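Computed from the coordinates by the stated procedures, all read-outs in this text should not be read as laboratory data. Computed from a prediction, not measured in an experiment: that's the story for all the values here. Cβ coordinates were reconstructed from backbone atoms using ideal geometry, including for glycine residues, and neighbour counts include every protein chain displayed.
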């Protein structure tokens with residue numbers, strides 16, 4: 001057991017989560033930030049394991065905990081609080097998912113229905129008709145299945161790939177660099193990576209269809225934009241930012257009838273959006289946006305910064321105990337990044 005898991009278990013079992021709950025108080029907004037709900041240990045898992053947030057079994061346990069400790073709200077209730085001076089219940093929680101993976105429909109949706117919880121899924125809108133891998137899953141697939149024992153890789157040079165540990169180390173090093181470069185250069189580097197690893201991705205369906213999206217919407221799951229194809233906003237021009245925002249919003253409105261005025265920043269760190277991005281959101285009709293800076297936050301803070309609402313990020317190595325201490329706000333106490341003014 002690593003140190004973070006051990007400390008989370010001790011804190012949870014000793015009643016520390018109750019102390020965190022009292023410290024934050026009832027007037028806080030907690031927004032959960034999930035991605036995939038799938039078992040990344042399964043033999044048929046072929047993609048990028050860090051984008052997994054929980055197994056289906058762990059997700060159900062987490063939702064049971066949520067039901068015991070929070071009042072789950074929908075997006076409309078949050079926006080009514082932000083912009084219409086409406087009230088929220090004590091300990092309000094919004095459940096969100098990024099990207100629009102098929103396993104959200106297959107594995108998360110039945111659990112949400114069981115508990116009667118609304119949620120929000122932020123969709124990469126190009127993938128509803130082209131449900132193939134996005135770049136990080138492409139990296140996961142290519143490094144998992146390459147037969148190369150070494151390769152000259154873009155951005156990071158010659159790498160040993162003989163063992164799973166070496167492949168994972170090279171993959172993570174490459175992905176860190178890919179996140180730093182402009183989108184067009186990233187796509188060029190991805191093609192160089194495929195050639196260096198001598199592997200082509202298959203056409204496995206990873207994302208939901210528009211019919212499935214409409215079914216979710218009809219059952220209390222609001223689907224909102226997450227760009228067309230998931231570029232990091234500060235790695236593209238302002239003109240392209242506005243195109244990504246406007247066209248993904250228009251497509252969602254056409255397909256679902258929703259007003260589609262909430263957004264989640266791709267990657268979600270403070271370096272991944274700018275004051276220009278915030279203005280582009282306003283210019284293209286958005287009122288609400290979500291980061292992946294650690295939450296929860298005092299509810300009033302969301303009213304001051306409705307385009308930078310923080311979330312509790314949930315990762316593939318999180319145990320139930322880590323989930324509990326995160327959702328009760330430990331990470332948000334330890335890591336307080338400033339808001340962007342603009």
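Expressed as an acute angle from 0 to 90° and rounded to the nearest 10, what is the orientation of the C-alpha long axis of helix 238-256 relative to the principal long axis of the chain? The helix 238-256 is inclined about 70 degrees to the chain. For the chain, the spread of Cα coordinates along the three principal axes comes to 57, 48, 38 Å, biggest extent given first.
Taking only the Cα atoms of the stretch 133-272, the ratio Rg/Rh comes out at 1.04, with Rh defined as the Kirkwood radius. Averaging Cα coordinates gives a centre for the stretch 58-105 and one for the stretch 110-130; these two points are 12 Å apart. If you fit an axis through the alpha-carbon atoms of helix 135-145 and take the longest principal axis of the Cα set of the chain, what angle between them do you get, 0 to 90°, nearest 10? With both axes taken from Cα atoms, the answer is about 50 degrees. Per residue, the chain reaches -13000 deg cm²/dmol at 222 nm when only DSSP H runs of four or more residues are counted, each adding -39500 (n - 2.57). Relative to the dominant Cα principal axis of the chain, helix 183-197 is inclined by about 50°. Rounded to whole Å, the principal axis extents of the Cα atoms in the stretch 161-212 read 42, 28, 18, largest first. Using a cutoff of 8 angstrom between alpha carbon atoms and counting only pairs six or more residues apart, the relative contact order for the stretch 135-197 works out to 37 percent.
This ranking places 133, 243 by how few other beta-carbon atoms lie within 10 Å of each, fewest first, which gives 243, 133. Take every Cα pair under 8 Å in the stretch 1-155 that's 6+ residues apart, average their separations, divide by the length, and report that relative contact order as a whole percent. Relative contact order of the stretch 1-155: 27 percent. Between the stretch 175-231 and the stretch 272-309, the C-alpha centres lie 23 angstrom from each other. Annotation: average projected area of the stretch 135-197 is 3.4 square nanometres, based on the convex hull of Cα atoms across all directions.
Here the alpha carbons of the stretch 212-342 define both size measures, Rg and Dmax, at 15.5, 44 Å. Three semi-axes describe the equivalent ellipsoid of the stretch 1-154; taken as square roots of 5 times the Cα gyration tensor eigenvalues and ordered largest first, they are 33, 22, 14 Å. Among 256, 96, the ranking by other beta carbons within 10 Å of each residue's beta carbon, starting with the fewest, stands as 256, 96.
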